[in-house]
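The values are calculated or read from the model by the stated rules, or taken from the named source; none is laboratory data. Just so we're clear, the structure is a prediction, and the values are computed from it rather than from any experiment. FYI the Cβ positions are ideal-geometry reconstructions off the backbone, even for glycines, and counts take in every protein chain you see. These area figures cover heavy atoms from the full protein model, side chains too; ligands, DNA and RNA do not enter into them. Shrake-Rupley method; radii C 1.70, N 1.55, O 1.52, S 1.80 Å.
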There are 2 protein chains.
Amino acid sequence: MTYGHFDDKNREYVITEPKTPWPWINYLGDDGFFSLISNTGGGYSFYKDALYRRITRYRYNGVPVDEGSRGFWIRETGGTVWSPGWKPAKTPLDFYECRHGLGYTRIRGEKDKLETSILFTVPRGENAEVQKVTFTNNGTSERKFSFYGYVEFALWNAQTDGENFQRNLNTGEVELDGSTIIHKTEYRERRNHLSFYHSSRNPDGFDSDRESFVGFYETLATAEKPASGTSGDSIADGWSPVAAFRHDIVLAPGASEEIAFVLGYVENDPDNKWDLTEGSQKLVNKEALRALIGRVGTPGKIDSALSELKTYWTDLLSRYQVSHPEKKLERMVNIWNQYQCMVTYNLARSASYFESGIGRGLGFRDTSQDLLGFVHQIPEKAKERILDVAATQFPDGGCYHQYQPLTKKGNAGIGGNFRDDPLWLIASVSAYIRETGEWGFLDTKVPFDGDVEPDATIFTHIQRSFTQVLDNRGPHGLPLIGRADWNDCLNLNTFSSDPNDSFQIAGDGEGRIAEFLEMLTQYAKDCDGEGGMHDTAMLFGLL
Amino acid sequence: MTYGHFDDKNREYVITEPKTPWPWINYLGDDGFFSLISNTGGGYSFYKDALYRRITRYRYNGVPVDEGSRGFWIRETGGTVWSPGWKPAKTPLDFYECRHGLGYTRIRGEKDKLETSILFTVPRGENAEVQKVTFTNNGTSERKFSFYGYVEFALWNAQTDGENFQRNLNTGEVELDGSTIIHKTEYRERRNHLSFYHSSRNPDGFDSDRESFVGFYETLATAEKPASGTSGDSIADGWSPVAAFRHDIVLAPGASEEIAFVLGYVENDPDNKWDLTEGSQKLVNKEALRALIGRVGTPGKIDSALSELKTYWTDLLSRYQVSHPEKKLERMVNIWNQYQCMVTYNLARSASYFESGIGRGLGFRDTSQDLLGFVHQIPEKAKERILDVAATQFPDGGCYHQYQPLTKKGNAGIGGNFRDDPLWLIASVSAYIRETGEWGFLDTKVPFDGDVEPDATIFTHIQRSFTQVLDNRGPHGLPLIGRADWNDCLNLNTFSSDPNDSFQIAGDGEGRIAEFLEMLTQYAKDCDGEGGMHDTAMLFGLL
């Protein structure tokens, strides 16, 4: 079975069959706002941190898989309901195509000569996913239909969003502002941020309560409002806040129409968070929100954002290009491997279709490793990330295994004691200096975890990285293996036999004798007691 | 709209419309094995602890609500698929009825003269939910159909089951043993317990891999195997283990047939956990499992278990009965209030359709309060629970807000500092003594948390409960309000303004001046420095 192919000219992967063996996804955004999006439009969005600032709700392990968060339906006058990306309606299409590009995805479906294309991207420097929908009547008669665009909001913290229902089902709040539905749960109590869904076209109906839109006993495939061609104009009050707009559209033969949707996130000044112009303490301050919509909320502005994004990637990729008779080699080296490295850097494995974004933040080791693949593209970002990572290191050279990107604080959720983590800082510092020649970086000051030793330099940090190996050795004087160390699944010293514990937890301390027996051990033995840094530097090729 | 009515004679609530406004549920089991079951057969099971020993998987906040865990389908020769409890198939029925009784639920559906009744209960003293299915052909012609019974297994820990997919999707393991599908994930590594689903009838097909049974893009309503009348005979290897049996049945006019299904849980001796008879280390020891099936796994044995359960409840309720001209008063006092108190005691709000069973165990305060309502029925269980609860109290009189029923350890998940929790121990001890007259209970030894002060008596515990109030007073000498104290939503001293924290977490220490201003303060003031216990005892009516 063929599911798709590469389009090298446009730097896109083209999926032509919606029922892929597993959702095939792309990652949008590269700074604050991130979206995962599958070939049928599934996935979710978050701001910086998939745990603490989940914008839309996604059901891992859902049946069926990959449903929720986003939804688009076309309801024909005759009653047929279909989705341009096949899901959620699952009505067979005459044409289906998904193009995953560099930072954008375009899904196109056609049924009975009505073509609908949706472009998804995150404009550079903006905290929003924009969706440009284009309808084209390729038939010979007038076409009347209702189009629904839908998102389901998450209540910010992805973990409690899936656990604490005695609270969650009581707290949801939204505000309607023209063609914008604002999600403001906990804004009154202790949050200064909002998410929202906006349509550039004045809607003919809306819903913001999930049950009103979907129906208590229905799935998104059979959602009640699209099925009936109506809207409930519901205002969510607890339960599950969503945003759904209905647009009733009439298209002459050959005519086209475009709508821009914006799924955005804004933070307000805590001292100026309310809209006081109408004398009400209950309406949120919408200045920043409207400004964001103003910058990105029209079809033309989405086109400009895409154009800018493509230029950006052309420039990034131009820094390293190979020519080779084997075109598949060029494809991988010149486009996809570099893109993959950048995506991996952006998310450091904190969120994917297999990583729920709850159990971990950005990996200390992962970040340091990923950086090796993109430092040539944007060394200034690499530098910033090295400083963030180093600031979560402990004074003894150890470190958290991961940290939360929103707070830049280490996350002890799965503990520390991963012996190799800190060593990778040596590798990333080395890579940065080799790329930039900026030896002075070694003198940059960055404190240890908890702002300890504010005068410590990057060089101090990598020295400590190395000495922590020397300080933790086994019976043969070789470096101890720590938790899930050197190899993600090697828990020789830390396996817990208590099934109520996490699998990756320190055991009772017995068996702390497993040692690392590969290349590094030779260096560690040689430099015991003398100029260890020299050999560490050699090891990672700095000198 | 009428959804149902009481049947006082049978002590049942009868639901006659499957589309209730929200799932209407019952609780089965009263000791080790518990099941939540809705009027359409939704819900899930666990052993003792909804967090640590989740037997079947349930999706809170699913769309649609209340789907998964259990499933039953009848697939007619002509292709029609329906469910006796309406869900998951949602095919309209000619007759539907759910009867929630005391510790059992019976769901009955009929379509085109084929009647199917399913009785669900947990036999007393057994770690299993049994399901007796009865088919009756009320028509005048022979009836051929395939019947499917299905459960989806949870990977034991309900929290990681919904979070850690990079692990979960790789670890699932099952074993097929005749008409039993055994779920044995992590048994090889560090578990000595198994769950299983068994059919008393030799199946005509089975599945143990969810995707094979349901299909990747389908819901349970449209599950592929029931839709096609086939089975995949799949053996789960990672991904999502389930158990589904297919029975091809032919019923003459007027004929009936019965099948017993058993969803069970067994713990094996760690030193004898493998079946060595065939020389294989890979097969689990099935002695205990088969013995359990032997005790409960036939239709006749399920009938006996139900009969025994009914006798048990008749006896329990007989201890307190009122006669009154208002029959609704009798109904509530003589049946449902007592049943509700027992259920609340059993679960202490640790698992419901709004409490996911993840964020908390049994409440210290809840348990002590709930006990007041059932101590007259089973004082010996009340005594056991008081000792469990007291053993999680701190030497200073404070306590965890909750504890895990499996480990009987306090759970610091949402912290302590609930000032009123320990006081409720005085109330429960008082209630126990008033019911039994067993003054000697005050001298029973029970340690504080962590086995501290093993010679401490129950009297010592309630003394400390009281003095911890005296030791934590505000500017006016009145008892401080703690966390979510005296009133579940009053967080005057502990509200966190950091949205990344739990809502119920200690703040920065400012504002620790809110005091409890009601009745108790009078007593606290009066007895400051003198015989506090006397007044505390008075307060709760012990003397």
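Using a probe of 1.4 Å on the protein chains alone, the accessible area found for B:Thr392 is around 0 Å².
Ranked from largest to smallest solvent-accessible area, with a 1.4 Å probe on the protein heavy atoms, A:His476, B:His401 come out as A:His476, B:His401. Considering protein heavy atoms only and a 1.4 Å probe radius, which residues within the range A:62-76 exhibit an accessible-area decrease of no less than 30 Å² in the full assembly relative to the chain by itself? Buried by 30 Å² or more upon assembly, which counts only protein chains, are A:Val63, A:Pro64, A:Val65. Element breakdown for the range A:328-418 at a 1.4 angstrom probe: carbon and sulfur atoms account for 56% of the accessible area.
Accessible area per residue was computed with a 1.4 Å probe on protein heavy atoms; A:Arg59 scores about 50 Å². Sort out for me the Cα centre separation of the range B:1-39 from the range B:309-323, rounded to whole Å. Cα centroid of the range B:1-39 versus Cα centroid of the range B:309-323: 19 Å apart.
Relative to the other identical copies, A:Glu189 shows label-point distances of 3.6 nm, where the label point lies 7 Å from Cα along the Cβ direction and values run shortest first. Shape of the range A:323-463 from the C-alpha gyration tensor: oblate (a/c of 1.5 or more and a/b not above b/c, with a ≥ b ≥ c the square roots of its eigenvalues). Candidate membrane-span-like segments in chain A, meaning DSSP H helices with Cα atoms spread over at least 18 Å of their own axis and a Kyte-Doolittle mean of 0.0 or above, are A:423-436, A:458-470, with no membrane implied. Using the 1.4 Å probe convention, the accessible area of the range A:254-342 works out to 55 Å² per residue with neighbouring protein chains retained. Selection among A:Ser430, A:Leu406, A:Thr457 by position relative to the dipole of chain A gives A:Leu406 as farthest towards the positive end (Cβ unit charges, Cα centre). Three principal axis extents describe the C-alpha atoms of chain B; from largest down they are 83, 61, 46 Å. A loss of 40 Å² or more of accessible area (1.4 Å probe, protein heavy atoms, ligands and nucleic acids excluded) relative to the isolated chain is seen in these residues of the range B:86-101: B:Lys90.
Under 27 Å Cα to Cα from B:Lys409, which lysines show up? Leave out anything in the same chain fewer than 8 places away. Partners found: B:Lys48, B:Lys184, B:Lys273, B:Lys381, B:Lys383, B:Lys445. Accessible surface buried by the A/B pair amounts to about 4800 Å², both sides summed, 1.4 Å probe.
Rolling a 1.4 Å probe over the heavy atoms of the protein chains gives the range A:363-468 an accessible area of 35 Å² per residue.
The loop-placed GluC sites (Glu not before Pro) in the range B:231-313, going by DSSP, that have at most 13 neighbouring Cβ atoms within 10 Å of their Cβ come out as B:Glu278. Shielding value for A:207-217 is 3, the average number of Cβ atoms from other chains within 10 Å of each residue's Cβ. Would you kindly work out, in nm and rounded to one decimal, the distances from the label point of B:Asp443 to those of the same position in each other copy, ordered shortest first, with label points 7 Å along Cα-to-Cβ? Counterpart label points of B:Asp443 in the remaining copies fall at 8.0 nm. For the range B:141-192, with all protein chains present and a 1.4 Å probe, just round the carbon and sulfur fraction of the accessible area to a whole percent. Looking at the range B:141-192 in its full context, I get 35 percent from C and S. Quick one: grab the alpha carbon gyration tensor of the range B:174-271, order the square roots of its eigenvalues as a ≥ b ≥ c, and give me rounded if a/c is under 1.5, else prolate or oblate depending on whether a/b is larger than b/c. It is oblate, given that a/c is not under 1.5 and a/b is not larger than b/c.
Between the range B:338-386 and the range A:379-431, how far is it from one alpha carbon centroid to the other, in angstrom? Computed from Cα coordinates, the inter-centre distance equals 45 Å. Using a 1.4 Å probe on the heavy atoms of the protein chains only, list every residue of the range A:336-365 that has 50 Å² or more less accessible area in the complete assembly than in its chain alone. Residues losing area: A:Phe354. If R₀ is 45 angstrom, what is the calculated FRET efficiency for the pair A:Asp315 and A:Lys144, using the beta carbon separation as r and rounding to 0.05? So the FRET efficiency works out to roughly 0.50.
Taking all protein chains together and a 1.4 Å probe, the residues A:Tyr400, A:Tyr320 rank A:Tyr320, A:Tyr400 from largest to smallest accessible area. Per residue, the convex hull spanned by the alpha carbons of the protein assembly as shown comes to 221 Å³. For the range A:194-260 versus the range B:42-84, the inter-centroid distance based on Cα atoms is 30 Å. Considering only Cα-Cα distances, which of the following residue pairs are longer than 24 Å: A:Lys111/A:Lys328; A:Lys225/B:Lys19; B:Lys90/B:Lys301; A:Lys90/A:Lys113; B:Lys9/B:Lys87; B:Lys87/B:Lys132? Check vs 24 Å cut-off fails for A:Lys111/A:Lys328; B:Lys90/B:Lys301; B:Lys9/B:Lys87. Remark on B:Lys409: its backbone amide H falls under 5 Å from those of B:Gln404, a criterion applied only to residues 5 or more positions apart or on other chains, H modelled at 1.01 Å from N. Under the simplified labelling scheme, the A:Asp396-A:Trp336 pair shows an inter-label distance of 4.5 nm, with each label point 7 Å from Cα along Cα→Cβ. Which of rounded, prolate, oblate describes the range A:268-378, given a ≥ b ≥ c as roots of the alpha-carbon gyration tensor eigenvalues and a/c under 1.5 marking rounded, otherwise prolate only if a/b is larger than b/c? In terms of gyration-tensor shape, oblate. Our Cα-only numbers for the range A:76-120 put the radius of gyration and Dmax at 11.1, 38 Å. Set the Förster radius R0 to 41 Å, insert the Cβ-Cβ distance between B:Asp233 and B:Arg295 as r into 1/(1 + (r/R0)^6), and round the FRET efficiency to 0.05. It comes out at approximately 0.90. Solvent-accessible surface of the range B:27-98, averaged per residue with a 1.4 angstrom probe and all protein chains in place: 23 square angstrom. In this assembly of identical copies, the label point of A:Gly474 (Cα plus 7 Å along Cα-to-Cβ) is separated from its counterparts by 5.8 nm, sorted shortest first. Computed with every protein chain present, the accessible area of A:Asp177 is close to 40 Å² [probe 1.4 Å].
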